[in-house]
Amino acid sequence: MLEEFRYILSPISVKSHPEWGAYIELIDYEHRDYIEDVLCEHFDLDYAFCSNEDVTGDYVLYFAEKASIGAVEKAVSEINEFHKANKIDYKVAPYT
């Protein structure tokens, strides 16, 4: 991993929206892209929709009916522990 992208190992947290359930705020597009790949490939979790960062400037994944808060919290906890213990990123499938 390039040093300039090491920030993607930063701890993340799950928050709850009253209408859309679990959500995760991320740092930028690269962070969002990486975390969504990890959630899908390693935890079989998919988000319902994401913020329109071009308009809002935010990078947020909303899970709504796609995943419970408990399921998202469990995955995020494991991701944070993996990053902290190993100091490396998860391997995800490359795009072709």
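The values are calculated or read from the model by the stated rules, or taken from the named source; none is laboratory data. This one's a predicted model, so the numbers in the text were calculated from it and none came from an experiment. With ideal geometry, Cβ positions are generated from the backbone for all residues, glycine too; neighbour counts draw on all protein chains shown. All accessible areas refer to the heavy atoms of the entire protein, side chains included, with ligands and DNA or RNA removed. Shrake-Rupley method; radii C 1.70, N 1.55, O 1.52, S 1.80 Å.
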Cβ charges +1 (Lys, Arg) and -1 (Asp, Glu), total dipole of the chain, debye: 360
How high is the relative contact order of the chain, in percent, with contacts defined as C-alpha pairs under 8 Å that are six or more residues apart? 34
Over what distance in Å are the Cα centres of the stretch 6-49 and the stretch 55-96 separated? 4
The local net charge around residue 43, scoring Lys/Arg +1 and Asp/Glu -1 for residues other than residue 43 whose Cβ lies under 9 Å from its Cβ, equals -2
Taking every other residue with Cβ under 9 Å from the Cβ of residue 9 and scoring Lys and Arg +1, Asp and Glu -1, one gets +2
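Largest first and in whole Å, what are the equivalent-ellipsoid semi-axes of the chain based on the Cα gyration tensor, each being the root of 5 times an eigenvalue? Walk me through the numbers before you get to the answer.
Values: eigenvalues 85, 51, 31 Å².
They are 21, 16, 12 Å, listed from largest to smallest.
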Within the accessible area of the stretch 12-86, what % is carbon and sulfur when the probe is 1.4 Å and the other protein chains stay in place? 46
Taking a spot 7 Å from the Cα of residue 6 along the direction of its beta carbon, which residues of the stretch 70-96 have an amide N less than 14 Å from it? 84, 86-89
In degrees rounded to 10, the 0-90 angle between helix 69-86 Cα long axis and the longest Cα principal axis of the chain is 10
Rounded to the nearest whole Å², what accessible area per residue is found for the chain with the 1.4 Å probe? 62
Say each of residue 17 and residue 80 gets a label point 7 Å from the Cα, pointing the same way as Cα to Cβ; how far apart are those two points in nm? 2.1
Residue-wise HN-Hα coupling along the stretch 27-43, computed from phi with Karplus coefficients 6.51, -1.76, 1.60 (Hz; x: Gly, Pro): 6, 7, 4, 4, 5, 4, 4, 5, 5, 5, 5, 4, 4, 6, 6, 9, 10
Length added when fully stretched, residue 68-residue 93, from 0.36 nm per residue minus Cα-Cα: 6.5 nm
